[in-house]
Structures are given as C-alpha cells and as structure tokens.
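Undergrad: Take this structure first; my questions come after.
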C-alpha cells in the first residue's frame with residue numbers, strides 16, 4: 001500500500017463511457033479511489049451497490065467516487081447499467097494504475113496462489129495527497145467505513 005501523506009500517483013484511464021479521467025481533474029475535491037477485483041462478482045457488486053446507496057452522503061461531504069478494476073470499458077458499462085451505479089468506473093486493462101497504487105498482490109483462493117487485485121480504498125484530499133489507505137477491506141462494510149473516515 002502507498003503511504004499516508006504522500007502524493008497520489010497521477011493517472012489517466014477511460015471510464016465506462018470511454019471518456020478519459022485523470023486524477024488531476026479532481027483537484028479541489030476529495031476523492032475516494034477504490035480498487036476492486038472484478039465486475040459482477042458477489043463481493044464487488046455488494047461494495048459498488050453500497051457506495052451507490054450512500055452516494056447522497058458522499059456528495060454532501062464533497063467527495064467523488066472512482067472505482068478501478070482491470071475489467072474493460074464494455075464490462076464496466078454493463079456493470080454500471082445493471083446496478084444503476086452513479087459514479088465513475090475506470091478501466092485499467094493494462095494494470096498500470098493498479099500496480100502504481102500497489103494493489104496487485106499474491107492472493108490465496110482455496111489453497112491456490114494467484115496474482116490479483118487486493119480490495120483497497122484510498123482517500124485522497126483536495127491537493128492530491130493520500131490521507132487514508134484501507135487495505136484488504138471487506139466489500140460490504142467498506143463504503144460505510146469510508147464515509148465515516150471522511
């Protein structure tokens with residue numbers, strides 16, 4: 001995980017509509033940058049839907065939510081439409097941002113060791129500085145924890 005108090009790495013990625021977003025586009029706003037393993041899986045769907053349901057409170061606190069996975073733009077679009085997600089999903093197919101934010105790790109699943117995205121959330125302040133880093137979070141609980149941290 002990246003260290004609290006350091007400048008968040010800059011990036012530019014396409015969203016679910018194919019439009020590019022850079023972290024610097026959000027200067028002056030709080031950013032919830034959350035990394036998740038895969039669209040339309042049980043845990044990732046719970047996490048995304050809980051962020052969706054808490055969206056009014058995030059807006060009240062002046063925060064924008066950016067979800068990142070290695071899924072494609074088309075996969076993100078289907079995920080957004082299926083669950084009515086009101087926030088930006090970024091496609092990091094090449095895993096450059098996933099690696100820059102140190103969330104591509106060895107994982108064990110049923111005794112098998114693989115590489116994958118470890119569910120991680122970063123809170124980035126208005127100046128682009130990491131203020132909180134939450135690693136290996138529980139999908140269903142993470143949105144509420146993030147809201148409380150804001």
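Undergrad: Has segment 1-14 got any residue that is modelled with pLDDT under 95, surrounded by 14 or more Cβ atoms within 10 Å (Cβ to Cβ), in contact with a strand residue (DSSP E or B) (Cβ under 8 Å, 6 or more places away or on another chain) and within 17 Å of residue 134 (Cβ to Cβ)?
TA: yes
Undergrad: Of everything in segment 59-78, what is within 14 Å of the chain's Cα centre (by Cα) and assigned to a helix (DSSP H, G or I)? Give them in sequence order.
TA: Within segment 59-78, 76 is the sole residue that qualifies.
Undergrad: Further question: Given (1) outside any helix (DSSP H, G or I); (2) at pLDDT 95 or above; (3) in contact with a helix residue (DSSP H, G or I) (Cβ under 7 Å, 6 or more places away or on another chain), identify the lone condition not met by residue 40.
TA: The failed condition is (2).
Undergrad: Give the residues of segment 105-131 that are under 20 Å from residue 3 (Cβ atoms) and at pLDDT below 95, sorted by residue number.
TA: 105, 117, 118, 119
Undergrad: Let me ask you something else. So, of the residues in segment 100-150 that are in contact (Cβ under 8 Å) with a residue 60 or more places away in the chain, part of a strand (DSSP E or B) and touching a helix residue (DSSP H, G or I) at 6+ places or on another chain (Cβ under 9 Å), which turns out to be farthest from residue 49 (Cα to Cα)?
TA: Among them, the one singled out is 131.
Undergrad: Give the residues of segment 79-94 that are surrounded by 15 or more Cβ atoms within 10 Å (Cβ to Cβ) and assigned to a loop (DSSP other than H, G, I, E, B), sorted by residue number.
TA: Those that are surrounded by 15 or more Cβ atoms within 10 Å (Cβ to Cβ) and assigned to a loop (DSSP other than H, G, I, E, B): 85, 87, 92.
The values are calculated or read from the model by the stated rules, or taken from the named source; none is laboratory data. A quick note: this is a predicted structure, and the numbers were derived from the prediction, not measured. Cβ: placed from backbone, ideal geometry, glycine included. Neighbour counts: every protein chain shown.
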